[in-house]
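*Asks:* Okay, here's the structure, questions in a sec.
Since every read-out is calculated from the coordinates, none of them should be taken as a lab result. Since we're looking at a predicted model, the values are computed, not measured. No Cβ is skipped: glycine too gets one built from the backbone with ideal geometry, and neighbour counts run over all protein chains shown.
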Amino acid sequence: MRKSILAMFVVMIALFAVACGGNTAKGNSTGNEPGNTACGGGGCAPAKADPEAQWKALHKKDAEWVMVMGGAMMQKTKVVSVDGTKAKTKSWTFMGTKDPKWEGDGTDGEAEYKKAEGGEAKPDPKWKELGKGTDKVAGVDCDWVEGEYDGKKMKTWTATKFGLVAKSEMDGKVNMELVEFKEGK
């Protein structure tokens, strides 16, 4: 049952991100990294962001972050090792949002930075920007953008230094939020 709920939630987030576009090519990833934006090709990332520098800042050994997703579960991701543009990660999922118990061996993952091909991404024509600003999420400096996509209001906070989507809302409801972050070495 837990795996079914987790799988459905992961699919929901993936469909949300794919439907709204992204701004860099992706290989295997932890799913929440530079370029995995939720509001249209380049619409969420800071205008002067360097995706490769963000990827390298996020993917340092022992970096870890915890996200609350859908208000129903938490996921912890830890960078285990980095070799050039490839990183090995471990993730743990906890059903619930209080007193998580990160048990077991976790799930192995891999993140790889690949340069986007074909020039700069163009914003999705369905995306209508309503505002931009800066804020902190879990103590991390973020740039945020608010807009409308297919009649749904969305707001996404992206960690300026790391390119990590730190929080996202749809129609005023938080569907994902960074609650802990530890920078790696």
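*Asks:* Expressed in nm to one decimal, what extension gain is obtained for the pair residue 105 and residue 153 from 0.36 nm per residue of sequence separation less their Cα-Cα distance?
*Replies:* 13.5 nm
*Asks:* In region 95-160, which trypsin sites (Lys or Arg not before Pro) fall in coil by DSSP and have 14 or fewer other Cβ atoms within 10 Å?
*Replies:* 98, 101, 115, 126
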